[in-house]
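Read the structure below first, then the notes.
Every read-out reported here was derived from the displayed coordinates using simple, explicitly stated rules and does not represent laboratory data. Everything numeric here is computed off the predicted structure, so don't read it as measured data. All Cβ positions, glycine included, derive from the backbone under ideal geometry; neighbour counts span all protein chains shown.
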Amino acid sequence: KSKLVIKGFVNALQLSSLYSSSDYIVLPSLKEGFGLPLSEGLYYGLPIIAFDLESYQEQVNLYSADDRITFVPLNSISNLQNEMTKAIRFPKEKESISQIKKRIGNWTWSHVADTYCDYIWRENGVKN
């Protein structure tokens, strides 16, 4: 049985519950800064359908997640609809906890800070 849920603002507890009970995430955003919903979807092991945004592509590369995300051309509502229909007919499985940890295990705030500092130091000619 398929059920589409469209929500506005939800608190952290509701958000966690929604992700945990979802089979897919559809991200029809036309613009995203960082693309937090994509990262959250990967964290919960969900397959994702999204418009092809640069910020999403960066995360796909970071997480090696091209197998979890189906991109559709920006503004192509018919392609988005087709991919959603395919997802209902031929659903992908959620990733297991071990698969999720393997994919995003080193993607922590500490890792981000270290990577950012390394980048800043490298760009400014500082050796660490």
Of the conditions (1) under 16 Å from Tyr24 (Cβ atoms); (2) loosely packed, with under 13 Cβ neighbours inside 10 Å, the single one that Pro47 does not satisfy is (2)
Picking from Glu95, Glu58, Glu83, Glu32, the residue that is surrounded by 11 or more Cβ atoms within 10 Å (Cβ to Cβ), closer than 20 Å to Val5 by Cα and among the charged types (D, E, K, R) would be Glu83
Result of the Cβ filter at 9 Å on the range 110-126, keeping first residues that are over 15 Å from Leu62 (Cβ atoms) and partners that are assigned to a helix (DSSP H, G or I) and not hydroxyl-bearing (Ser, Thr, Tyr), at least 6 apart or interchain, is Val126/Ile120
Note: among Arg68, Arg89, just one is touching a helix residue (DSSP H, G or I) at 6+ places or on another chain (Cβ under 9 Å), within 20 Å of Leu4 (Cα to Cα) and of a type outside the set (Phe, Trp, Tyr), namely Arg68
